[in-house]
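Encoded as structure tokens, the structure appears first; notes follow it.
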Amino acid sequence: MLVKYSVNSIDIENISHSVTLVPRLEYSMNILDDIIGVLDEKQIQLKKSNQDLIHDFDDSDKLYVDALKLEHLVVFSLEILLSVKKNMGKISNIGSIPKVLPSTIPMIRTVSAQLFDLIPNCSQKLSEISVHLGSIVIDSAALTTARFDFSQSNYESSSKLDEVKLMVDSKLNKQYPNLDFLKLCNT
């Protein structure tokens, strides 16, 4: 027995768009994992080299101060990207994308800008991820008729960046207890 079923063109378009979201999301996650791996290795190297420097630390020596600032930047970037990855892991269906991803894009762009001079390849890949995630957000919003409050997304992003900065400051203060790490990194 045949059942007559008509599919209107809008439904076909929505189905084709939703099918393309998953590969783009997976691609973005794979690139993010690669960048996290690079930053993790860099953090390990910096921690080891800074442990050696710390014994003869001179806060008037720009080399020492820059080494600690570099470690702070790498740890901060790594923690932000781990937070982004965790948020992306919360995506369970197309309806969750407009709720989860908008606040992650400014965080990715912030890290990309900070890594521009230090690790240009990672910065470029993060820019690529932000473009992919932006297109995923727009497509998912079109499919789910979601609306965005960019003010709220910016607030969430800014709050998370501040939270991670405090966490990283605390972590590095514990790692280097004899230094006024906050003073060094904020000068």
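Let's see how each residue does on (1) farther than 30 Å from GLY134 by Cα; (2) open to solvent by 30 Å² or more (accessible area, probe 1.4 Å):
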residue: LEU53; (1), (2): yes, yes
residue: ASP56; (1), (2): yes, yes
residue: ASP61; (1), (2): yes, yes
residue: LEU68; (1), (2): yes, no
residue: LYS90; (1), (2): no, yes
residue: SER103; (1), (2): no, no
residue: PRO106; (1), (2): no, yes
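Pairs needed: first member in the range 52-76, over 27 Å from VAL164 (Cβ atoms); second member anywhere, at pLDDT 75 or above and open to solvent by less than 60 Å² (accessible area, probe 1.4 Å); C-beta distance under 6 Å; at least 6 residues apart or different chains.
These pairs meet every condition: ASP58/TYR64.
Return yes when ASP66 is modelled with pLDDT under 95 and not in a helix (DSSP H, G or I) and no when it is not.
For ASP66, the condition - modelled with pLDDT under 95 and not in a helix (DSSP H, G or I) - is not met.
Going by the structure shown, is VAL74 aliphatic (A, V, I, L, M) and open to solvent by less than 30 Å² (accessible area, probe 1.4 Å)?
Yes, satisfied.
Does ASP162 qualify as being farther than 15 Å from VAL84 by Cα and acidic (Asp, Glu)?
Numbers: farther than 15 Å from VAL84 by Cα: no; acidic (Asp, Glu): yes.
Criteria not met by ASP162.
Of the residues that sit in the range 115-154 and are assigned to a helix (DSSP H, G or I) and over 19 Å from SER28 (Cα atoms), which one is least open to solvent (accessible area, probe 1.4 Å)?
Restricting attention to the range 115-154, the residues satisfying the condition of being assigned to a helix (DSSP H, G or I) are 115, 120-144, 150-154.
Adding the requirement that they be over 19 Å from SER28 (Cα atoms) leaves 142-144, 150-154.
Details: ALA142: 72, LEU143: 39, THR144: 45, PHE150: 136, SER151: 84, GLN152: 83, SER153: 16, ASN154: 86 Å².
Top of the filtered list is SER153.
Taking SER49, is it in a helix (DSSP H, G or I), open to solvent by less than 70 Å² (accessible area, probe 1.4 Å) and at pLDDT below 70?
Considered against the rule, which asks whether it is in a helix (DSSP H, G or I), open to solvent by less than 70 Å² (accessible area, probe 1.4 Å) and at pLDDT below 70, SER49 comes out as no.
Going through the range 155-169 one residue at a time, which ones are touching a residue at least 60 places away in the same chain (Cβ under 8 Å) and either under 18 Å from ARG109 (Cα atoms) or loosely packed, with under 14 Cβ neighbours inside 10 Å (or both)?
LYS160, LEU161, VAL164, LYS165
Do you know which residues across the range 77-88 are surrounded by 13 or more Cβ atoms within 10 Å (Cβ to Cβ) and over 17 Å from ILE119 (Cα atoms)?
Of all residues in the range 77-88, those surrounded by 13 or more Cβ atoms within 10 Å (Cβ to Cβ) come to 77-85, 87-88.
LEU82, SER83, VAL84, LYS85, ASN87, MET88 - these are the residues of the range 77-88 that are surrounded by 13 or more Cβ atoms within 10 Å (Cβ to Cβ) and over 17 Å from ILE119 (Cα atoms).
The values are calculated or read from the model by the stated rules, or taken from the named source; none is laboratory data. Every value quoted in this text rests on a predicted model; they were computed, and no experiment measured them. Backbone-built Cβ (ideal geometry, glycine too); neighbour counts: all protein chains shown. The accessibility values were calculated without ligands, DNA or RNA, using every heavy atom of the protein model including side chains. Shrake-Rupley method; radii C 1.70, N 1.55, O 1.52, S 1.80 Å.
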